[in-house]
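In what follows, a single structure is set out as structure tokens and then discussed.
Bear in mind that the values in this text are calculations on the coordinates, not laboratory data. Computed from a predicted structure; not experimentally measured. Note that each Cβ is placed from the backbone with ideal geometry, even for glycine, and that neighbours are counted across all protein chains shown.
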Amino acid sequence: MSEEYKRKYTFAEDYGTSYYKYGPITLGETPEIIENRGYFPDTTSIMYQIMAVPSDVIVGKEIPLYLEATEDLSTRLIYPMRNGVIARDDEKAWRVVYELTKYGLKQFKPAEPEFKGFYVVASLSSIAPKYMYEKLFEIHKRIDEEEGLVKAVTIIPQPLAVAIAHKVPTCIVLESGHGNTQICPISRYPIRAAIIALNRGGSDANTLTSEILKDAGYGDLAREEALVTMIKENIGLIPRNLNEAIREAKENPEKYRAKFKVPNTRITIDLEAESWTRFLIGEYVFNPNHELFQSYFRRGMPKPKDVKIGDIYFRGMIDFGEAIIEAAERCPVELQPYLYQHILLSGGNFQWKAPEEFKPTAIDSVTKIKILLKEKGIENVNVEITEEPKYSVWRGCIVYGYAVPEKYEWKWERMEGWLKIRE
Amino acid sequence: MEVNKIKQYFLNKNLIEIDEDEIRNLEIKPTLAFTDGENKIFVKIIPLEAISNRSQFIKFMMETSALREQCNMIYIVIPSLIATIIDSEILKEMGIGLIISTGEKIREVLPAKKYKPKIILEANLIEQIEQISSRLERIESYIHRLESQINQIAKRIGEAKPIKPITIEKPVEAKIEIPGLPSYMQNNPWLQILKGRGEREIAK
């Protein structure tokens, strides 16, 4: 099969923590996006019998049409990649991945008679263990057997895809999603031995926001995660210096008042005298070590713990600056200056607003990372936030599939190349 | 006259006999030839017929005179019998050394004068030299023409307006712009990096 064929039928899949981004090269700038989740309806319910639900697992944009009572949603609505890693024996999660992958590939099945299957580039978290690669290859083989949709498949780590999409061959990528953060140095290849994984992501800032809402008297709203996320994104601020920001906010309570009306509802959140806590939310993402957070931990807020998932050791409390330095220092000394020249911040957990009226007390993610590094003696670094962070992994996968030669075959020792599903 | 005795006489003077090959190109050859390392010393022994025959004697002297130009010093060896009839003043004037042999004794009565010999060149060598000379002339003529052209150019440069100094711009990396490709592919250095993946492996 020729290079031209491969380029025409390159297909990318990004298994993000919250969203599954997928589609062929012909989509151009933006992929299709659906939530990375699957719904297992109660097959014994009357609704299931009446509505003739097409499958025992529902994925895609139709999910809301089949949702039932909320009390058992957590067991029926599965987000397989919530933590970037799926347990080997988590059958439900793997079933969702299979359904999502099949859903995406079938949606773009070309009508041309010359079509003999896509060249699929899938992207997983950089901390995904080897068995996840094996499982994902099996899923693609199965889909090809059933639908004839996959000619070859390869899997690349998400930070590599981010670096490719941003046209930077040597860099450190910080990918911070819902459940965790990966810090991955890249020099033409991902430097796997230098990857640092943090057991901290957007969900931890949600937990703190929840606690702040409870303290402010909004305990009933604090349980709705989607609402908490929205509030976090709208009132949370990153402080240049937490102590100074709190003092400033307490001295100017009206200026820093955290008041937010939830769109299309009658709900308004107003933190009033506790509005200074909005700075805690941003600080917690980058550095959870300030003494003020201790009071929340003592009152039962879960502290980000050091955990081992599969073969990967996830750090809980290390700040982002220290984690970047630790990752860089696992690389050759002569490479380190070049790595610091391009630090790419990717993922929803870096999308923080720094409104003009709150500057310079409130800052953006780029400035915060620079400050954290400067405190540890690393200066003159170049930190960039990725444009279109939602799409960058998918875009990187498309470039990868387009460019990597069709004859470059998959080898486990280097974790690269095309695994041919059929000739 | 015994040639060997005369040879021994010169060898006793710490001279070294010259190999015959070295003088093979000479039209007229000496009876003996020696060197002290720097100078060539030729010895011409008068033949018996030249003692009794005037023509032969004149021939002998003319040959000696011709040989004188091919070496640094030349001696003639005559028997004591005719020593009295030789005008040594003429030989002295000509710089030719005179050795008298009595049969038993050998005596240098007139030392030879040192000359700078004329170089004898072979015909083909002369031809080559002529060719080189001809080439040299052509090269000289060419250099003259070049000098003249350089002078003309220098004159024009002097008359021309000052030229802006040449600045070497920083090399720009080759950009890959493929029409129709999305923005994230345009000028993306990863395209080249990834195209090279497994190059050696595929070549095998």
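With r defined as the distance between the Cβ atoms of B:Ser183 and B:Ile150 and R0 fixed at 56 Å, what FRET efficiency is calculated, to the nearest 0.05? FRET efficiency, B:Ser183 to B:Ile150: 0.50.
Beta bridges from DSSP with both residues in the range B:3-110: antiparallel share about 50 percent, rounded to the nearest 5. Only beta bridges with both residues in the protein assembly as shown are counted; by DSSP, about 60 percent of them are antiparallel.
Sum up the charges of everything whose Cβ sits under 12 Å from the Cβ of A:Val307, counting Lys and Arg as +1 and Asp and Glu as -1, but leave A:Val307 out. Once all neighbours under 12 Å are counted, the net charge is +4. With 23 Å as the limit, the listed pairs A:Lys232/A:Lys308; A:Lys61/A:Lys167; B:Lys5/B:Lys40; A:Lys303/A:Lys359; A:Lys21/A:Lys135 have A:Lys232/A:Lys308; A:Lys61/A:Lys167; A:Lys303/A:Lys359 beyond it between alpha carbons.
About its Cα centre, chain A has a charge dipole of approximately 380 debye under the convention of +1 per Lys or Arg Cβ and -1 per Asp or Glu Cβ, with nothing else charged. Quick one: angle between helix A:91-107 and the longest Cα principal axis of chain A, in degrees between 0 and 90, rounded to 10, please. So the helix axis and the longest Cα principal axis differ by about 70 degrees. Put in order of Cβ neighbour count within 10 Å, fewest first, the listed residues A:Cys171, A:Cys397, A:Cys184 become A:Cys171, A:Cys184, A:Cys397.
Between A:Phe314 and A:Val307, A:Lys308, A:Ile309, the built amide H atoms are under 5 Å apart, and every one of these is 5 or more places off in sequence or on another chain. GNM on chain A, alpha-carbon springs under 10 angstrom: the most fluctuating residue among A:Gly217, A:Gly202, A:Gly117 is A:Gly217. Seen against the Cα atoms of chain A and their longest principal axis, helix A:242-251 is set at about 50 degrees. Using every pair of separate Cα atoms, the Kirkwood estimate puts the hydrodynamic radius of the protein assembly as shown at 32.9 angstrom.
With contributions of -39500 (n - 2.57) from each DSSP H run of at least four residues, the per-residue ellipticity at 222 nm computed over chain A stands at -10500 deg cm²/dmol. Across the range A:27-32, coupling constants 3J(HN,Hα) worked out from phi with the 6.51/-1.76/1.60 Karplus curve, θ = phi - 60°, read 6, x, 7, 10, x, 6 Hz, and Gly and Pro carry x.
Mind pulling up the Rg/Rh value for the range A:223-348? Radius of gyration and Kirkwood radius, both on Cα.
So for the range A:223-348, dividing Rg by the Kirkwood Rh gives 1.04.
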